[in-house]
Amino acid sequence: MASPRKTVRTNRRKRNSYRVPLIGMALVVIAVIAAVVFLDRTHRRQPAVQQAPPPAVERHKLPPRGPDRPVVHEDYTGVIHHPAEPQRTQRPTGPGTLAVVIDDMGKGLPEARALMDIGIPLTFAIIPGLPKVRRVAEEARQRGIEVMVHLPMEPKGYPERRLEANGLILSLGDDEIVGRVNGYLNEIPQAVGANNHMGSEFTENRQKMAVVMGVLKERGLFFVDSKTSPVSVGDAVAREMGVRTAVRNVFLDNIQEPGYIAKQLRQAASIARKRGSAIAICHPHPATIQTLAAELPRLRDEGITFVSVSRLVR
């Protein structure tokens, strides 16, 4: 029979034999758990790897230039946001009455017919003595185009500045002026009124303008002051003598360029809308005819009413 001390030693050895594998297993489990936790935390800390798009500079960069390699502009990749296109300024619309007078008519028929074919009421101011005066005046009457006499009058700087040989100059006596004006009206019997051709000097002279107005009054005609001089007395003398009159508001074609002429037409339309009516004067230049053909119907559609100039004299 084993002694008690020996029995205790034996039991102690048995317990120690069990402890060793248990401790080892526990250490293995702890190591596995620690490894799993470490890997999980490491994975969380690292950001997801994404395929970043190339920088905009690289995406839009042109290929390198070389002596043997021409530059090829390739299409951009991705979505390109272009700036908004500038919006066109909206053209104003609204009612207004506008008379367009075509000065210097009578040289030829082609330009007269081109203007009549626009199909808009116009007024032809015909210079007496030109080659096609009678034909232009008659065709205009037949087509419903109003006719005026374009009175040639002395400009500043005369005689260096040329004037028609039959023009009105300040050195003429009153009887000669009366005779010449009556001659103009006899040559163009279709005329219902008159306006001045040139005349920056003549229209500043009150006494001579009164002589002209006397003839127009006797004939029952009106006068439109072209205002070739800012201090013209033409309209003032006409009113004093009881002659119906009006004043030009805008010259359309001092510069013979379509863009400029169109801008001047819009200015005339603007005045007509603000004041109720306006008078514009131009000439039968090719650029003017081209622009009138394009712009007058458009202005009509935008509310402008075109009339013969006789509708605007008072």
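Things worth noting here:
- Surface analysis of region 96-311 yields an accessible area of 41 Å² per residue, using protein heavy atoms and a 1.4 Å probe.
- Cleavage-rule hits (chymotrypsin sites (Phe, Trp or Tyr not before Pro)) in region 202-245: DSSP loop, at most 15 neighbouring Cβ within 10 angstrom: none
- Total formal charge among the other residues, if their Cβ is under 14 angstrom from that of E176, Lys/Arg +1 and Asp/Glu -1: -1
- Above-threshold pairs, the threshold being 31 Å between Cα atoms, out of K107/K217; K156/K274; K107/K208; K217/K263: K156/K274; K217/K263
- Portion, in percent, of the accessible area of region 96-311 that falls on carbon or sulfur, probe 1.4 Å: 48
- Taking the Cα centre of region 163-314 as reference, the dipole from Cβ charges on Lys and Arg (+1) and Asp and Glu (-1) amounts to some 760 debye.
- Rg to Rh quotient for region 96-311, alpha carbon positions, Kirkwood Rh: 0.95
- GluC sites (Glu not before Pro) within region 103-186: DSSP coil, no more than 13 neighbouring Cβ in 10 Å: E160
- Filtered trypsin sites (Lys or Arg not before Pro), region 86-188: DSSP coil and at most 11 other beta carbons within 10 Å: R88, R162
The values are calculated or read from the model by the stated rules, or taken from the named source; none is laboratory data. Fair warning: this is a prediction, and the values are worked out from it, not measured in the lab. Glycine gets a Cβ as well: all are built from the backbone with ideal geometry, and neighbour counts include every protein chain shown. Ligands, DNA and RNA are stripped out before the accessible areas are found, and what is left, the full protein with its side chains, is counted by its heavy atoms. Shrake-Rupley method; radii C 1.70, N 1.55, O 1.52, S 1.80 Å.
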